[in-house]
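Notes for the one structure printed next.
The numbers here are math on the coordinates, done by the rules we state, and not lab data. A quick note: this is a predicted structure, and the numbers were derived from the prediction, not measured. Because the Cβ atoms are built from the backbone with ideal geometry, glycine has one as well, and the counts that use them run over all protein chains shown.
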Amino acid sequence: MTDMKPFRVGRSRTGLGLFATRDLPRGTEIVEYKGRRIRTPRAKELEWVRANRYLFEINSRWTIDGSSRRNLARYVNHACRPNAEAVLTGGRMVYRATRRIPEGNEITVDYGKEYFDLYLKPIGCLCVTCVEKRREARRLARKSSSKRTDKRASKTLQSKRRAKTIRTSASKRKTSRKTSAARKTARRT
Ligand SMILES: [Zn+2]
């Protein structure tokens with residue numbers, strides 16, 4: 001890891017996030033998840049009591065409490081198709097790029113199923129993949145509802161046309177009656 005931080009904290013769609021300040025090749029160690037270590041069973045209690053969302057379980061014995069603001073890795077948001085992952089290297093928990101992250105892109109990791117079900121599912125995941133999925137679903141719903149409207153519209157048009165035809169034949173009949181009446185008059189004079 002170089003001394004110059006390859007990231008900055010910035011605005012993301014969910015609040016704050018971590019963004020690459022230069023191109024990060026795949027495998028780059030981006031940021032360490034820092035915090036005091038606590039026993040995992042104790043961490044599980046804390047999670048329930050204080051709703052501490054920044055607990056990072058290393059294993060069944062140790063958990064990192066990353067709630068300190070000095071822990072910049074806490075700003076890394078969840079994504080269902082992330083570009084980084086957590087790896088334990090030399091006793092440190094580090095976020096590493098799983099693919100090239102272009103400059104300016106947000107750095108994301110998968111928080112895991114437990115976190116997702118607990119915190120993200122109830123409010124709706126805001127990662128690019130999920131937002132895109134919902135947008136596509138809405139687009140399809142709109143499309144099928146507009147198709148229904150089209151059908152309804154053509155039905156109205158058809159009945160209008162039918163009405164017009166009826167009216168036309170009626171007026172034709174009227175005209176012919178008029179003509180015969182006129183003829184009658186003509187004959188009378
Ligand atoms: Zn998602």
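What to note about this one:
- Amide N proximity, the stretch 18-57 versus K5 label position 7 Å along Cα-to-Cβ, cut-off under 14 Å: 18-22, 30-34
- For the stretch 41-93, the relative contact order works out to 23 percent when only alpha carbon pairs closer than 8 Å and six or more residues apart are counted.
- Length gained when the stretch W48-R70 is fully extended (0.36 nm per residue, less Cα-Cα span): 5.6 nm
- The modelled label-to-label distance for the pair Y115/T14, using points 7 Å beyond Cα in the direction of Cβ, is 0.8 nm.
- Relative contact order %, the stretch 1-83, counting alpha carbon pairs below 8 Å whose residues are six or more apart: 30 percent
- Karplus-derived HN-Hα couplings along the stretch 109-120 (A = 6.51, B = -1.76, C = 1.60, θ = phi - 60°), whole Hz, x at Gly and Pro: 10, 8, 6, x, 4, 4, 5, 4, 5, 6, 10, 9
- Packing order of peptides 90-99, 106-115, 122-131, highest average first: 106-115, 90-99, 122-131 (average count of other Cβ atoms within 10 Å over each peptide's residues).
- The trypsin sites (Lys or Arg not before Pro) of the stretch 48-80 that meet both conditions, a loop assignment by DSSP and at most 11 other Cβ atoms within 10 Å of the site Cβ, are R61, R69, R70.
- Residue-span extension gain [C130 to R61] - 0.36 nm each, minus C-alpha spacing: 21.5 nm
- For I107, distant residues with modelled amide H under 5 Å away: L18, F19, A20
- Longest to shortest principal axis, alpha-carbon extents of the stretch 7-124, angstrom: 39, 36, 24
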